[in-house]
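These notes are about the structure you will find just below.
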């Protein structure tokens with residue numbers, strides 16, 4: 001919600017905390033989801049290069065997990081940055 005309220009720094013802080021928790025829980029899918037969310041924050045913040053970096057990281061993880069649905073979502077996110 002912080003990204004929609006115009007507080008991207010706060011959103012990033014919470015997503016970074018969520019990544020640490022996911023790592024502690026060995027929740028790879030959750031970690032990838034948070035990485036994707038960070039990409040979305042950067043995209044809405046007008047920082048496409050950073051958004052693409054995070055989308056690519058998330059895509060790599062979901063490809064390793066063979067999660068076709070999430071792969072499709074991430075690819076759509078990447079395309080939306082390019083337009």
Of 74, 38, 79, 19, the only residue that is within 13 Å of the chain's Cα centre (by Cα), surrounded by fewer than 20 Cβ atoms within 10 Å (Cβ to Cβ) and in a helix (DSSP H, G or I) is 19
From the option list 43, 10, 3, single residue qualifying as in contact with a helix residue (DSSP H, G or I) (Cβ under 9 Å, 6 or more places away or on another chain) and either modelled with pLDDT of 95 or more or in a helix (DSSP H, G or I) (or both) is 43
On the given criteria, is residue 52 surrounded by 16 or more Cβ atoms within 10 Å (Cβ to Cβ), in contact with a helix residue (DSSP H, G or I) (Cβ under 9 Å, 6 or more places away or on another chain), at pLDDT below 95 and assigned to a helix (DSSP H, G or I)? no
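The values are calculated or read from the model by the stated rules, or taken from the named source; none is laboratory data. Since the model is a prediction, treat every value here as computed from it, not as a measurement. Counting neighbours? That spans all protein chains shown, and the Cβs are built from the backbone with ideal geometry, glycine included.
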